[in-house]
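The structure under discussion appears below in the form of structure tokens.
The values are calculated or read from the model by the stated rules, or taken from the named source; none is laboratory data. Please read all numbers here as calculations on a predicted model, not as lab measurements. Cβ sites come from the backbone with ideal geometry, for glycine too, and all protein chains shown count toward neighbours. SASA here: full protein model, heavy atoms, side chains in, ligands and nucleic acids out. Shrake-Rupley method; radii C 1.70, N 1.55, O 1.52, S 1.80 Å.
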Amino acid sequence: KEITVGNGIRSVVRTSDGHTLLANAGMIWELDGNDKVISSLEIGMGNYFRLLRLSKSGNYLFTGGVTTVKEADRSGKVIREFNLEQVAPGVKKPYFMMQEENGNYVVSTGYAASLIILNEDGELIRRIGGKANIKEVALNFFGAAEALPNGNILVANWSGHKPDDSKKGPQVVEFDKDGKLVWKWQD
């Protein structure tokens with residue numbers, strides 16, 4: 001199906017109640033199960049906004065700048081903002097943020113090709129991946145991630161815009177709970 005709402009849509013989220021969230025860098029629209037807009041929120045997410053996700057409590061999680069990620073409540077009020085450069089120097093252009101069941105946040109670090117795990121105070125718990133840390137595969141840019149039921153994490157590893165860039169490294173990597181590479185997929 002095709003839905004026309006706003007422009008420059010960068011993220012789509014299906015919620016557990018069958019609603020859909022659409023977001024660009026300045027707005028979030030909520031559509032009901034029949035794809036009718038039931039609410040919209042003007043919210044400045046910044047030029048580096050990529051993927052919107054929801055926290056355990058239903059708040060908005062998003063990348064908010066070259067080195068920042070944010071959590072905002074449903075009214076758009078920012079309740080947490082983490083400057084990643086303070087906890088993980090060299091991190092620029094974060095792409096994705098999600099919240100684990102234990103309350104910690106997982107952030108993909110873009111060109112740093114790692115995931116960082118932060119507690120609710122924004123303190124670094126650990127780092128997974130990283131170009132210099134995983135020698136057996138070529139890591140380039142970590143985008144979206146997905147937590148698996150066994151505690152492992154799947155990560156999209158983007159390798160470039162050109163058709164032959166896919167030869168540079170795997171497009172998907174999987175890490176176990178300890179950050180060890182356990183699987184990769186390359187096409």
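Looking only at residues of the stretch 2-29 that are in contact with a strand residue (DSSP E or B) (Cβ under 8 Å, 6 or more places away or on another chain) and free of Cβ contacts under 8 Å to residues at least 12 places away in the same chain, we find that the one that is surrounded by the fewest Cβ atoms within 10 Å (Cβ to Cβ) is ARG14.
Being in contact with a Pro (Cβ under 8 Å, 6 or more places away or on another chain), open to solvent by less than 20 Å² (accessible area, probe 1.4 Å), on the phi > 0 side of the Ramachandran plot and touching a residue at least 24 places away in the same chain (Cβ under 8 Å), is that true of even one residue in the stretch 106-114? Yes: one or more hits.
Candidates are the residues of the stretch 115-148 that are among the β-branched types (Val, Ile, Thr) and open to solvent by 10 Å² or more (accessible area, probe 1.4 Å); the one that is nearest to GLN86 (Cα to Cα) is ILE125. Residues in the stretch 158-181 that are surrounded by 14 or more Cβ atoms within 10 Å (Cβ to Cβ), without any contact (Cβ under 8 Å) to a residue 40 or more places away in the chain, of a type outside the set (Gly, Ala, Ser) and not in a loop (DSSP other than H, G, I, E, B): TRP158, LYS168, VAL172, GLU174. Only residues that are assigned to a loop (DSSP other than H, G, I, E, B) and in contact with a Lys or Arg (Cβ under 9 Å, 6 or more places away or on another chain) were counted across the stretch 11-30, and they come to 2.
Filtered by the rule that a residue be out of contact with any Gly (no Cβ under 6 Å at 6 or more places or on another chain) and free of Cβ contacts under 8 Å to residues at least 24 places away in the same chain, the stretch 55-70 gives SER57, GLY58, ASN59. Of all residues in the stretch 127-155, those that are among the charged types (D, E, K, R) and not in a loop (DSSP other than H, G, I, E, B) total 2.
Elements of the type strands (runs of 3 or more DSSP E) sitting completely within the stretch 31-89 and holding at least 1 residues that are open to solvent by less than 80 Å² (accessible area, probe 1.4 Å), more than 24 Å from ARG14 (Cβ to Cβ) and not acidic (Asp, Glu): these cover 68-72, 78-83.
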